[in-house]
């Protein structure tokens, strides 16, 4: 393995120096220190940009959810293999039929847990559970600052009211909260108010305009135009920034080496498949049927084998196109949009700067 680049763990300034050394060792030895369990595709919201959510009747067409027993077996083996940081997400993870049992047992195992949720169900017994078994942090998806915006984005009534109550409930028991927002056409006018909500509550806020197509069977056809627009916008901004700042990609580096989880992390999909990235539809390593260490070994092999196609290596925009491992696997359409836009802006900016 080539180590002539800076792995993501060396750029984690927020890490305590001790933990940074731990991550360095994990990277060097290929230890799965960080994992994500996507417990379920179920959700009580119907967000337009969601790539996971399935209706109950759609779930059997796309797989079988792991039971608590299966999740906990995987967790025990992951812990033995070195997993320390674990994110629990969905869909809406609290809707897994056995969530309380899973959460309580994961807490007992000693993982550094992050819960990613829409927060609308955090009250009563669920709040009591999190108070008794607190995570290191909860990432709450915030998609607007009032019920009207939530109706437009998530298709639910009183969505903001429920989320706001859940956020305040978490804060009332001292659980750290981080807000994460995906900005799309339906809530872009509300960005300043979302930012003010985070500021007023003293909460960290992580907005993004990144939108991905579905790989779990969820229907995002209505957003396909918006997805294309976002990809074009991202490609333009990234190409401009890389040219302006002199930050270029190295086509000789393997795709996976640009990813935060390279040799460090994994994603287990709700139907029991281990993957490298949440936005990839392969590899399909059946960790529900394999020992965890064997599945992890196969994932490492996949990462090392993944390479850019020849057309990417020879493309005139190779150094500025914001492509990633996921864009290679999810289909040529995404790559095509990114490539064509990057080529256009490469030429335009170089002409402007007198390169031609």
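Numerical summary
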{"read-out": "Flag for residue 63 being out of contact with any helix residue (DSSP H, G or I) (no Cβ under 8 Å at 6 or more places or on another chain) and assigned by TED's automatic domain parsing to the domain that holds residue 122", "value": "yes"}
{"read-out": "Flag if residue 134 is surrounded by fewer than 20 Cβ atoms within 10 Å (Cβ to Cβ) and either within 20 Å of residue 96 (Cβ to Cβ) or free of Cβ contacts under 8 Å to residues at least 12 places away in the same chain (or both)", "value": "yes"}
{"read-out": "Filter pass, residue 67 being modelled with pLDDT of 95 or more, surrounded by fewer than 18 Cβ atoms within 10 Å (Cβ to Cβ) and more than 30 Å from residue 185 (Cα to Cα)", "value": "yes"}
{"read-out": "Subset of the stretch 73-94 (residues that are touching a helix residue (DSSP H, G or I) at 6+ places or on another chain (Cβ under 8 Å) and either without any contact (Cβ under 8 Å) to a residue 24 or more places away in the chain or not in a loop (DSSP other than H, G, I, E, B) (or both))", "value": "74, 75, 76, 77, 78, 79, 80, 81, 86, 88, 93, 94"}
{"read-out": "Test: residue in the stretch 108-126 that is surrounded by 21 or more Cβ atoms within 10 Å (Cβ to Cβ), without any contact (Cβ under 8 Å) to a residue 24 or more places away in the chain and over 22 Å from the mean Cα position of the chain (by Cα)", "value": "no"}
{"read-out": "In the stretch 178-194, the residues that are surrounded by fewer than 20 Cβ atoms within 10 Å (Cβ to Cβ) and closer than 26 Å to residue 130 by Cα", "value": "178, 180"}
{"read-out": "Check on residue 107, touching a strand residue (DSSP E or B) at 6+ places or on another chain (Cβ under 7 Å) and in a loop (DSSP other than H, G, I, E, B)", "value": "no"}
{"read-out": "Residue that is surrounded by the most Cβ atoms within 10 Å (Cβ to Cβ) [pool: residues in the stretch 195-211 that are free of Cβ contacts under 8 Å to residues at least 24 places away in the same chain and assigned to a helix (DSSP H, G or I)]", "value": "195"}
{"read-out": "Residues that are more than 23 Å from residue 208 (Cα to Cα) and out of contact with any helix residue (DSSP H, G or I) (no Cβ under 8 Å at 6 or more places or on another chain), drawn from the stretch 23-56", "value": "25, 28, 29, 55, 56"}
{"read-out": "Candidate set from the stretch 47-72 (those that are free of Cβ contacts under 8 Å to residues at least 40 places away in the same chain and in a loop (DSSP other than H, G, I, E, B)); member that is farthest from residue 117 (Cα to Cα)", "value": "67"}
{"read-out": "Test: residue in the stretch 260-275 that is loosely packed, with under 14 Cβ neighbours inside 10 Å and either at pLDDT 70 or above or assigned to a helix (DSSP H, G or I) (or both)", "value": "yes"}
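Yes or no, residue by residue, for (1) over 12 Å from residue 93 (Cβ atoms); (2) out of contact with any helix residue (DSSP H, G or I) (no Cβ under 8 Å at 6 or more places or on another chain); (3) assigned to a helix (DSSP H, G or I):
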site: 116; (1), (2), (3): no, no, no
site: 120; (1), (2), (3): yes, no, no
site: 126; (1), (2), (3): no, no, yes
site: 130; (1), (2), (3): no, no, yes
site: 139; (1), (2), (3): no, yes, no
site: 145; (1), (2), (3): yes, no, no
site: 151; (1), (2), (3): yes, no, yes
site: 157; (1), (2), (3): yes, no, no
site: 164; (1), (2), (3): yes, yes, yes
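The values are calculated or read from the model by the stated rules, or taken from the named source; none is laboratory data. Here the structure is a predicted model, which is why all the values come from computation and not from measurement. Every residue, glycine as well, gets a Cβ built from its backbone with ideal geometry; the counts of neighbours run over all protein chains shown.
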